[in-house]
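Report on the following structure.
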Amino acid sequence: MMNIRTAEFVVSNVDVARCPHDMHPEYAFIGRSNVGKSSLINMLTGKKGLAMTSSKPGKTLLINHFLINNDWYLVDLPGYGYAQRGKKQRDEIRSIIDTYLEKREALTNLFVLLDCRHEPQQIDLDFLRTQGENGIPLAIVFTKTDKISTNQLKENTAAYKARLLEDWEELPPIFFTSSERNSGRDVVLNYIEKINNSLLE
Ligand code: GTP
Ligand code: MG
């Protein structure tokens with residue numbers, strides 16, 4: 001069972017060239033603004049204020065590296081698709097994300113977060129499809145599971161899986177989390193640990 005001994009903020013920037021060069025494996029979190037990326041990082045590390053969160057979308061605007069156990073990174077990315085600040089900023093953020101995904105060799109797994117309350121959204125389906133086509137190793141995380149009933153969650157995720165199977169031959173790993181209730185923590189951390197161990201072999 002993965003134990004988080006240390007979790008520290010290292011660097012924030014917009015430029016993938018200035019991300020850490022030590023080649024520790026890294027696990028990044030992406031999804032629409034407000035889906036709960038920063039909250040999930042705090043939940044996984046058990047450090048409430050580590051990544052900045054907000055009830056208003058558009059909080060995280062940079063690539064943020066957090067070093068875990070002096071050994072691997074969690075990376076908090078800005079959300080995509082948030083229109084409020086205008087097209088120019090939205091395009092800038094999208095270009096930060098796309099450049100990171102295209103160039104970052106240390107990226108080991110991308111967690112794509114989806115709000116479990118919503119029907120499949122085109123922007124998420126397009127994003128998943130693009131990353132799949134580009135061969136980015138990814139997993140899906142349904143967030144905010146505390147906000148709906150177990151039955152509703154089952155219904156929503158079944159519908160989502162059916163929709164994904166129109167694009168995907170095989171579904172990626174799927175996780176369910178609530179940062180509010182600390183649920184899904186062990187499963188996600190064990191998944192990361194397994195990958196970390198496989199890199200050592
Ligand atoms: P941006 O940085 O703006 O892209 O957003 P983000 O994806 O990092 O979302 P953030 O973690 O800042 O959370 C957005 C809002 O959702 C905050 O008000 C959180 O408290 C809330 N939230 C996040 N995760 C959960 C969850 O699991 N359950 C509930 N009930 N609320 C959550
Ligand atoms: Mg954030």
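The values are calculated or read from the model by the stated rules, or taken from the named source; none is laboratory data. None of the values given here were measured: they were computed from a predicted structure. Glycine also receives a Cβ, built like all others from the backbone with ideal geometry; neighbour counts cover every protein chain displayed. For accessibility, only protein heavy atoms count, side chains too; no ligands or nucleic acids. Shrake-Rupley method; radii C 1.70, N 1.55, O 1.52, S 1.80 Å.
Brief remarks follow.
- Being over 21 Å from residue 137 (Cβ atoms), surrounded by 18 or more Cβ atoms within 10 Å (Cβ to Cβ) and within 13 Å of ligand 2 (Cβ to nearest atom) holds for only one residue in 63, 93, and it is 93.
- Condition check for residue 33 on (1) small (Gly, Ala, Ser); (2) buried (at least 19 other Cβ atoms within 10 Å of the Cβ); (3) at pLDDT 95 or above: one failure, at (3).
- Selection within the stretch 131-157 - in a helix (DSSP H, G or I) and either open to solvent by 60 Å² or more (accessible area, probe 1.4 Å) or touching a Ser or Thr at 6+ places or on another chain (Cβ under 9 Å) (or both): 133, 145, 146, 147, 150, 151, 152, 153, 154, 155
- Qualifying residue in the stretch 38-56 (condition: surrounded by fewer than 22 Cβ atoms within 10 Å (Cβ to Cβ), modelled with pLDDT under 95 and touching a strand residue (DSSP E or B) at 6+ places or on another chain (Cβ under 6 Å)): no
- Among (1) outside any strand (DSSP E or B); (2) surrounded by fewer than 21 Cβ atoms within 10 Å (Cβ to Cβ) - the single one residue 109 does not satisfy: (1)
- Any chance residue 88 is in a loop (DSSP other than H, G, I, E, B) and out of contact with any His (no Cβ under 9 Å at 6 or more places or on another chain): no
- Positions within the stretch 62-119 being among the small types (Gly, Ala, Ser) and closer than 23 Å to residue 10 by Cα, in sequence order: 79, 95, 106
- Filter result for residue 20 (of a type outside the set (A, V, I, L, M), open to solvent by less than 50 Å² (accessible area, probe 1.4 Å), farther than 23 Å from residue 145 by Cβ and not in a strand (DSSP E or B)): yes
- Set 109, 182, 190: member being at pLDDT 95 or above, among the polar types (S, T, N, Q) and on the phi > 0 side of the Ramachandran plot: 182
- Among the residues examined, residue 54 does not qualify as near ligand 1 (Cβ under 7 Å from one of its atoms), more than 16 Å from residue 19 (Cβ to Cβ) and not in a loop (DSSP other than H, G, I, E, B).
- Within the stretch 96-106, the set of residues being touching a residue at least 60 places away in the same chain (Cβ under 8 Å) and open to solvent by 60 Å² or more (accessible area, probe 1.4 Å) comprises 103, 105.
- In the condition set (1) part of a loop (DSSP other than H, G, I, E, B); (2) on the phi > 0 side of the Ramachandran plot; (3) near ligand 1 (Cβ under 10 Å from one of its atoms), residue 61 is compliant with all but (2).
- Long-range neighbours under 6 Å by Cβ, at least six apart or interchain, first residue touching a residue at least 60 places away in the same chain (Cβ under 8 Å) within the stretch 56-80, second among the β-branched types (Val, Ile, Thr) and surrounded by fewer than 21 Cβ atoms within 10 Å (Cβ to Cβ): 67/10; 69/6
- Restricting attention to the stretch 25-51 and to residues that are touching a Ser or Thr at 6+ places or on another chain (Cβ under 6 Å) and small (Gly, Ala, Ser), the residue that is farthest from ligand 1 (Cβ to nearest atom) turns out to be 51.
- Restricting attention to the stretch 158-184 and to residues that are open to solvent by 70 Å² or more (accessible area, probe 1.4 Å) and not in a helix (DSSP H, G or I), the residue that is farthest from ligand 1 (Cβ to nearest atom) turns out to be 169.
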